[in-house]
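K.L.:
Pasting a structure here, questions to come.
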Amino acid sequence: MVASLIGFLGDFDRAEEAAQEAFAVAAERWPRDGTPDNPGAWLVTTARNRAIDRIRRERVLTEKTKLLEPPPPMPESIFADERLELVFTCCHPALALDAQVALTLRTLGGLSTDEIARAFLVPETTMAQRLVRAKKKIKAAGIPFRIPADHLLPDRLAAVLAVVYLIFNEGYGGRNELAAEAIRLGRALAELMPDEPEVHALLALMLLHDGRRGARFADGELVLLRDQDRSLWDSAQIAGGVASLERALALQGRRPYVLQAAIASLHAEEPVDWAEIAALYRELARLTSSPVVELNGAVAVAESEGAAAALAIVDTLDLDGYLYLHSTRAELLSRLGRRDEARTAYRRALALAQAEPERRFLERRLAALSPR
Amino acid sequence: MKYALLIYSGEARDEWDALPETEQKAIMAEYVAIAGEPGTYGGEQLQPSATATTVRVEGGQTLTTDGPFMDTKEVLGGFYLIDVPDLDAALDVAARVPAARMGGIVEVRPLVEG
C-alpha cells in the first residue's frame, strides 16, 4: 500500500505519514461502521485524500500540481506493479549499495530503522541518516519510480537480486530474521516477475541453504555438510527450493543463480553427485571469472577425482588473503599425507579466521595433525 | 528535470589524439549529435587545461594562478545541459558521450531549479 502511495506522491516520507493516518482512521471507524468491501482500496483512497489535504494546507505550488492528476483506478494488481517499481527504485545504481540494502529492507520489508540498524550492527542514528540521505538523493537526482526500460532491465534486475542475496548472506551466519526477510523478498520477487528464471533461482538458492541451517552447528560447533544430520534439515524448505529451481530450469535459465541453486540442490541429494557439481562449478566459473567459484569447484573435484587433481587447481588461484583457500589447501594436503605442509596451511587459515566456531574447527583440524 | 553532464576527459583525450582522422571525425559527429538532441539545451567543449587560469580571493586580495583548479588527469573537458524526464534518461545520454567509453567519466548532476 505504501508502494502505491509513494508512486502517487513521489515522496517516501509523505507516503508513510499518509499511510499511518489512514490506518489510524481505519482503526477508529471500521469497528464502528464495519469493514469496507475492499479494505485495500479504502485505505489507499483515504491516505491519498489525507495527503492531498496536507499538501493543500502547505500551499506549495509545485506539489499542488499533483492535485490536478486524477487518481488512477484501483484494481488489486496496481499494488503488484507499484511494488515492483519500488524494488527497482530502491536498488537503483545511483544509490550506494548500503543505501540500497537499507531502503529495500525499510520500504519493501517493512523493517523499522532500529531493526535494520541492529541487523547490520550500526547505531540507529547512522542507519536513520543513511535512509534520509538515500531518500534525498532519489528526490534531488530524479531517480524514477518505474520498471526500467527493456535495455536496462537485465542489469537492473541483477542489481536487485544482488541486494536480496546480500541481505540473505548477512543473515546466514546466525541472524535468522535477516535471512528470513531475504527469503520473503525473494518470494515477493518471484510473484512479481514469474517469467524471470534468475528470480526463481535466487529464491531456490536461499531456500536450499536456509533449509540446512538446523544441521550446520552442533553444540555451537561447525558441522561440515558430509557430517550433517539430515533429519535436522527443513525438508519443506528444501522441497520448496527444488521446486523453485525446477521453475527456473523450465524457463531455460542457465545464468549464475540457476547454476548456484543447481549446485546447492545436488549437495542436498544422497549420494552426492560430485562430478556433476564439479561440472556446474566449471560453467559458473566461466560465467563469473571468480577464483572463489574455482576454489569451491576444486572441493568437488577432490571428491570426484581425488585430492591431487584438486590441489593442482587450488594452487593456480590468487586468493592469498582468503581464509578458505588455506583451509581447503590444508585439507587436501592432509589427504595426500603431506602433514607438515597441511599444518602450515591450517596455521595460515587460523591467522585469517575471526568467527569463534571457525577458529575452534581449524584448531581441532590442526591438533589432529600433530606429530605423533 | 535539468541536469549538467560534466565530461571529464582524462585518458579519453590521449586515446582521441591517437586515433586516425576519420575516426576522430566520427567521434566529433557523436558529440554534435548529442548537442542536437531535443533534450539538450546547452553544451560546450572547453579548451585544454593548459589554457586555464585560476582565480581566488583571500583577505580581499585576488590571487591569480596559471593552470586549472586541479592538475590531475581528470580534467573537465566539456559539458552538456539537458532537460529530460528523469535520471534514467539523463544516464542514457551520459552513456552515449564518447569520452565515457574512452577512459573518461561523465558526471551527471541535477541543476538547482526554481
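The values are calculated or read from the model by the stated rules, or taken from the named source; none is laboratory data. Since this is a predicted model, take the numbers as computed values, not measurements. Every residue, glycine among them, receives a Cβ derived from its backbone with ideal geometry; neighbour counts consider all protein chains shown.
K.L.:
Do we have A:G186 as in contact with a helix residue (DSSP H, G or I) (Cβ under 7 Å, 6 or more places away or on another chain) and either at pLDDT 90 or above or not in a helix (DSSP H, G or I) (or both) here?
P.N.:
yes
K.L.:
Within the group B:E21, B:E15, B:E37, which residue is in contact (Cβ under 8 Å) with a residue 40 or more places away in the chain and either within 14 Å of chain A (Cβ to nearest Cβ) or surrounded by fewer than 15 Cβ atoms within 10 Å (Cβ to Cβ) (or both)?
P.N.:
B:E37
K.L.:
So which of B:K73, B:K25 ends up being among the basic types (K, R) and more than 16 Å from the chain's Cα centre (by Cα)?
P.N.:
B:K25
K.L.:
I need every pair where a residue in region B:79-97 that is facing chain A (nearest Cβ under 8 Å) has its Cβ under 8 Å from the Cβ of a residue that is modelled with pLDDT of 95 or more and assigned to a helix (DSSP H, G or I), sequence separation at least 6 or different chains.
P.N.:
B:L87/A:A141
K.L.:
Separate question: If A:F79 satisfies all but one of (1) at pLDDT below 90; (2) over 18 Å from A:L185 (Cβ atoms), what's the number of the condition it fails?
P.N.:
(2)
K.L.:
Tell me which strands (runs of 3 or more DSSP E) are completely within region B:30-84 and hold 1 or more residues being among the aromatic types (F, W, Y) and closer than 12 Å to B:L6 by Cβ, or say none if there are none.
P.N.:
Hits in region B:30-84: B:76-83.
K.L.:
Sort through A:R54, A:R29 and tell me the only one that's modelled with pLDDT under 75, away from chain B (no Cβ under 14 Å), over 31 Å from the mean Cα position of the chain (by Cα) and in a helix (DSSP H, G or I).
P.N.:
A:R54
K.L.:
May I ask you to say which residue of A:L121, A:L166 is hydrophobic (A, V, I, L, M, F, W, C), under 27 Å from A:R360 (Cα atoms) and not in a helix (DSSP H, G or I)?
P.N.:
One residue alone meets the criteria, A:L121.
K.L.:
So in region B:54-78, with the set limited to residues that are closer than 16 Å to B:G104 by Cα and either in contact (Cβ under 8 Å) with a residue 24 or more places away in the chain or of a type in the set (D, E) (or both), which one is farthest from the other protein chains (Cβ to nearest Cβ)?
P.N.:
Checked region B:54-78; the qualifying residue farthest from the other protein chains (Cβ to nearest Cβ) is B:D71.
K.L.:
Right, something else. When you go through (1) within 11 Å of the chain's Cα centre (by Cα); (2) assigned by TED's automatic domain parsing to the domain that holds A:L84; (3) surrounded by 20 or more Cβ atoms within 10 Å (Cβ to Cβ) one by one for A:I138, which number turns out not to apply?
P.N.:
(1)
K.L.:
Is region A:237-254 home to any residue that is closer than 11 Å to A:A204 by Cβ, among the hydroxyl-bearing types (S, T, Y) and in contact with a Phe, Trp or Tyr (Cβ under 9 Å, 6 or more places away or on another chain)?
P.N.:
No, because not a single residue in region A:237-254 is closer than 11 Å to A:A204 by Cβ, among the hydroxyl-bearing types (S, T, Y) and in contact with a Phe, Trp or Tyr (Cβ under 9 Å, 6 or more places away or on another chain).
K.L.:
Across region A:245-278, which residue is farthest from A:G211 (Cα to Cα) among those that are free of Cβ contacts under 8 Å to residues at least 60 places away in the same chain, among the aliphatic types (A, V, I, L, M) and in a loop (DSSP other than H, G, I, E, B)?
P.N.:
A:L251
K.L.:
Pairs only if they're at least six apart or on different chains, beta carbon under 7 angstrom, first in region A:179-204 and in contact (Cβ under 8 Å) with a residue 24 or more places away in the chain, second assigned to a loop (DSSP other than H, G, I, E, B) and of a type in the set (S, T, N, Q); list them, first residue then second.
P.N.:
Sorted first by the residue in region A:179-204, then by its partner, the pairs are A:P197/A:Q252.
K.L.:
Follow-up. Mind listing whichever residues of region A:140-163 are small (G, A, S) and either away from every other protein chain (no Cβ under 14 Å) or in a helix (DSSP H, G or I) (or both)?
P.N.:
Residues satisfying the conditions are A:A140, A:A141, A:A158, A:A159, A:A162.
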